[in-house]
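Colleague: Here it is: the structure, laid out below.
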Amino acid sequence: MAIDRIFKDEASEEKGERARMASFVGAMAIADLVKTTLGPKGMDKILQSTGRGREVTVTNDGATILKSLHIDNPAAKVLVDISKVQDDEVGDGTTSVVVLAGELLREAEKLVATKIHPMTIISGFRMAAECARNALLEKVVDNKADSEKFRSDLLNIAMTTLSSKILSQDKEHFANLAVDAVMRLKGSTNLESIQIIKKPGGSLKDSFLDEGFILDKKIGIGQPKRIENAKILVANTAMDTDKVKIYGARVRVDSMARVAQIETAEKEKMREKVQKIIGHGINCFVNRQLIYNFPEELFADAGILAIEHADFDGIERLALVTGGEIASTFDNPESVKLGHCDLIEEIMIGEDKLIHFSGVAMGQACTIVLRGASHHVLDEAERSLHDALCVLSQTVNDSRVLLGGGWPEMVMAKEVDALAKKTPGKRSLAIEAFSRALLAIPTIIADNAGLDSAELISQLRAEHQKEGCTAGIDVISGSVGDMAERGICEAFKVKQAVLLSSTEAAEMILRVDEIITCAPRRREDRM
């Protein structure tokens, strides 16, 4: 009787070399998939879902692409995960993280093939990452004190972030929108108060930033179209009791008069409720649910603007922005916090009427209205803008800035190389490999722009031997350019997150020496 079977039927295990091969291959495949989207000349991907309606997403946001893939390979899942974390943490650099981790593994694979132990590689990577981070720290610029310079830094960061996205054609316009919106936040990273409304029609250039809050609703019939000094009650309550709606309730009546009585009683109940609401001394009532004709009439008579069916996101935001609270009972008006704003009016965007609240209590609130040719364009524009907003709001807090365009990678690679020369033992090979992986990022940026990457990288490397060099890849002119002059900047926080996350992910995959796959569960035969 053989003892070599521990696992159930059909569970498979891969040991040592094979397991490592599987995880390397998976990770590199994922990195190759997204690496074409890196850089200002990166391409987009079309993702088509197999669900109902076969929705199509066109995007080059690394996290969005990877989130939508269904992947079987365990190592690939680790990479998908780091791109998600990068998206949540700093909002941008989602592609770079995956590409860098993939390149680290590509280098590690060669080292493993020459019989260097994974632990040696890992400790080398650790040292290299630490060294690279310190190299960046020495080069950061911080203009927090000088507000003019700081704003131009922010603009540059926004433009750099947007230049690899769909908004790259109008990047100055959008960079200004994003910086204005983030400056209003006064240093909070809560992007809730920046609302993005997407309205098809017009071109991307027609997008604008509006202070205050826009609710995507029409104003009801016969109601004031404009209210100054508004007191707003935000509610989530049923305003449609002018029918008997209790399910399973059977009301037997012996004459029509009785029906009329029931209806009158209901109307009275409704009127009481409306009186209670009016008793709060408000002139605008926003409800999440329906408001039927009768209560709407009552509100119109009292000169109160009633807005129904404000969707949940809208109503939560409205409460947050106007400083009110969402109420659902109206018995004690003194305990309900009302929202305030200076002016409520109806505005037109494209074909649609919307309600605009300006002069809201929370000064940092604003709305960005995106216009564009189609829903796909708008969705992608929103994702790009969201990336820019995230990065900017992080930079306002941690105002350290680096140059972009492959410059940071060159700086890090140079320092890491120097470290490799000083380090005795096999670890130096791993450190060298790390520097090669860092160089892959500018290489890929150049490749995606259809440039001769080998030529450019060697020129860059020579440039970077000089002190205080600011050279990077200028994909517009297709040569080595001065990044400081071109105003290509990145946030330090993003770069640091890319560096540390990708090193950790690579390390995690390197540590694997066995993959155990469970047998698929069988359906029992029902015979």
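Colleague: Looking only at the range 434-455, which residues are in contact (Cβ under 8 Å) with a residue 12 or more places away in the chain, within 23 Å of LYS466 (Cα to Cα) and not hydroxyl-bearing (Ser, Thr, Tyr)?
Modeller: PHE434, ARG436, ALA437, LEU438, LEU439, ALA440, ILE441, PRO442, ILE445, ALA446
Colleague: Would a scan of the range 67-79 turn up a residue that is in the same structural domain as ARG126 (by the TED database), open to solvent by 50 Å² or more (accessible area, probe 1.4 Å) and under 25 Å from ALA433 (Cα atoms)? It would help to see each step written out before you state the result.
Modeller: Within the range 67-79, the subset in the same structural domain as ARG126 (by the TED database) is 67-79.
Remaining after also requiring open to solvent by 50 Å² or more (accessible area, probe 1.4 Å): 67-70, 72, 74, 77.
Now narrow it down to the ones that are under 25 Å from ALA433 (Cα atoms): 74, 77.
Among the residues of the range 67-79, at least one is in the same structural domain as ARG126 (by the TED database), open to solvent by 50 Å² or more (accessible area, probe 1.4 Å) and under 25 Å from ALA433 (Cα atoms), which makes the answer yes.
Colleague: Does the range 77-89 contain at least one residue that is polar (S, T, N, Q), under 19 Å from the mean Cα position of the chain (by Cα) and closer than 19 Å to SER168 by Cβ?
Modeller: Restricting attention to the range 77-89, the residues satisfying the condition of being polar (S, T, N, Q) are 83, 86.
Filter again for under 19 Å from the mean Cα position of the chain (by Cα), leaving 83, 86.
Checking the rest, the ones that are also closer than 19 Å to SER168 by Cβ come to none.
No - not one qualifying residue is present in the range 77-89.
Colleague: Another one. Are any of the residues in the range 330-349 in the same structural domain as ALA230 (by the TED database), under 16 Å from ILE219 (Cα atoms) and open to solvent by 90 Å² or more (accessible area, probe 1.4 Å)?
Modeller: Scanning the range 330-349, I find at least one residue that is in the same structural domain as ALA230 (by the TED database), under 16 Å from ILE219 (Cα atoms) and open to solvent by 90 Å² or more (accessible area, probe 1.4 Å), so the answer is yes.
Colleague: For the range 159-243, which strands (runs of 3 or more DSSP E) that fit wholly inside it have 2 or more residues that are open to solvent by 20 Å² or more (accessible area, probe 1.4 Å)? Show your work before the answer.
Modeller: On the way: elements: 194-200, 208-211, 213-215, 226-235.
Qualifying strands (runs of 3 or more DSSP E): 194-200, 208-211, 226-235.
Colleague: A further question on this structure: Could you check the range 289-303 and list, in sequence order, the residues that are in contact (Cβ under 8 Å) with a residue 60 or more places away in the chain and within 17 Å of ILE326 (Cβ to Cβ)?
Modeller: ILE291
Colleague: Any residue that is open to solvent by less than 30 Å² (accessible area, probe 1.4 Å), acidic (Asp, Glu) and either modelled with pLDDT under 85 or touching a Lys or Arg at 6+ places or on another chain (Cβ under 8 Å) (or both) - is there at least one of those in the range 139-151?
Modeller: No.
Colleague: Please determine, by comparing only the residues of the range 263-288 that are touching a residue at least 24 places away in the same chain (Cβ under 8 Å) and loosely packed, with under 14 Cβ neighbours inside 10 Å, which one is nearest to the chain's Cα centre (by Cα).
Modeller: Going through the qualifying residues, I end up with GLY281.
Colleague: Same structure again: Take the range 349-394 and flag every residue that is at pLDDT below 85 and hydroxyl-bearing (Ser, Thr, Tyr).
Modeller: Once the filter is applied, which keeps residues that are at pLDDT below 85 and hydroxyl-bearing (Ser, Thr, Tyr), the range 349-394 yields only SER358.
The values are calculated or read from the model by the stated rules, or taken from the named source; none is laboratory data. Owing to the predicted nature of the structure, the values given are computational and were not obtained by experimental measurement. With ideal geometry, Cβ positions are generated from the backbone for all residues, glycine too; neighbour counts draw on all protein chains shown. Keep in mind that these areas ignore ligands, DNA and RNA; they rest on the heavy atoms of the full protein, side chains included. Shrake-Rupley method; radii C 1.70, N 1.55, O 1.52, S 1.80 Å.
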